[in-house]
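The values are calculated or read from the model by the stated rules, or taken from the named source; none is laboratory data. Since the model is a prediction, treat every value here as computed from it, not as a measurement. Here Cβ is always computed from backbone atoms with ideal geometry, including for glycine, and neighbour counts include all displayed protein chains.
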Amino acid sequence: MAEPEIMKGTTTLGIVFKDGVVLATEKRATMGYMIASKRAKKVYQIADRIGMTTAGGVGDAQQLARIMTVECRLFQMRRAKPITVGAASTLLSNYLNQNRYYPYYVQLLVGGVDRTGPSVYSVDALGGATREDDIVATGSGSPMAYGVLEDRFKRDMSEEEAIELAVRSLRAAMRRDSGSGEGVHVVVITADRYEELSEERADQIIAAATAA
């Protein structure tokens, strides 16, 4: 009997801008050649100013998001201070490393703002965690996304510039990667807020930048 197909999600990215971090994903989940969902959630808030993006198995990603949300809350309760982005990445890395014989089918980004400023980390299925200086993308659409990110990124971008770059990069991936599609999900994290943008708002930012 053939094993059932795992529902998978694909392109995600993170951008560090002057005052925070943009995390963005597309919304398609696939099972082989079938589009299993057109509204897959791939960005999860795991702490007040920290988000996690997921590429890979949807079930594994949802389980890890639940675990990390609880662990970040426990950290704050025990130590009476918010967990840092680096500490959250290390915690996630340790958990994945402990399960390396039965690894979670995921590739993750952890990004946000803490007392040291904005940062984003990539975490692989076996627990390897790397701090990324400026930009990072994961999933099967990441080569196309990187083409736009590498070409257009500049240091100390404004929030609007970072959102525009994130959306353009995702749409480049969606045009060429069959596992990516169905719209974009953009989250902006600063010292003051964690905000999920509507796709209409993202389109407005793109339109304003194009008209300028």
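In segment 17-68, how many are touching a Pro at 6+ places or on another chain (Cβ under 9 Å), of a type in the set (A, V, I, L, M, F, W, C) and crowded, with 23+ Cβ neighbours inside 10 Å?
Within segment 17-68, residues that are touching a Pro at 6+ places or on another chain (Cβ under 9 Å), of a type in the set (A, V, I, L, M, F, W, C) and crowded, with 23+ Cβ neighbours inside 10 Å number 4.
With (1) surrounded by fewer than 22 Cβ atoms within 10 Å (Cβ to Cβ); (2) in contact with a strand residue (DSSP E or B) (Cβ under 9 Å, 6 or more places away or on another chain) as the list, and Tyr102 as the residue in question, which single condition is left unmet?
(2)
Of the numbered conditions (1) small (Gly, Ala, Ser); (2) part of a helix (DSSP H, G or I); (3) over 17 Å from the mean Cα position of the chain (by Cα), Ala65 fails exactly one; give the number of that condition.
Unmet for Ala65, out of (1) small (Gly, Ala, Ser); (2) part of a helix (DSSP H, G or I); (3) over 17 Å from the mean Cα position of the chain (by Cα): (3).
Phe17 versus (1) more than 14 Å from the chain's Cα centre (by Cα); (2) at pLDDT below 95: which is the lone unmet condition?
Phe17 satisfies every listed condition except (2).
Check off (1) farther than 28 Å from Ser180 by Cα; (2) in contact with a Pro (Cβ under 8 Å, 6 or more places away or on another chain); (3) aliphatic (A, V, I, L, M) for Met77 and give me the number that stays unchecked.
Of the numbered conditions (1) farther than 28 Å from Ser180 by Cα; (2) in contact with a Pro (Cβ under 8 Å, 6 or more places away or on another chain); (3) aliphatic (A, V, I, L, M), the odd one out for Met77 is (2).
What number of residues within segment 50-59 satisfy the criterion of being of a type outside the set (Val, Ile, Thr) and in contact with a Ser or Thr (Cβ under 8 Å, 6 or more places away or on another chain)?
1
For segment 133-154, what are the residues that are under 19 Å from Gly117 (Cβ atoms) and at pLDDT below 90? Steps first, please.
Residues of segment 133-154 under 19 Å from Gly117 (Cβ atoms): 133-136, 153-154.
Across segment 133-154, the qualifying residue is only Asp133.
Please find, within segment 145-156, the residue that is nearest to Leu108 (Cα to Cα) out of those that are touching a residue at least 60 places away in the same chain (Cβ under 8 Å) and surrounded by 14 or more Cβ atoms within 10 Å (Cβ to Cβ).
By that ranking, first place goes to Ala145.
If Ala129 satisfies every condition in (1) in contact with a strand residue (DSSP E or B) (Cβ under 7 Å, 6 or more places away or on another chain); (2) surrounded by fewer than 16 Cβ atoms within 10 Å (Cβ to Cβ) but one, which is the exception?
(2)
Can you find, within segment 29-45, the residue that is nearest to Leu92 (Cα to Cα) among those that are assigned to a loop (DSSP other than H, G, I, E, B) and at pLDDT below 85?
Ala40
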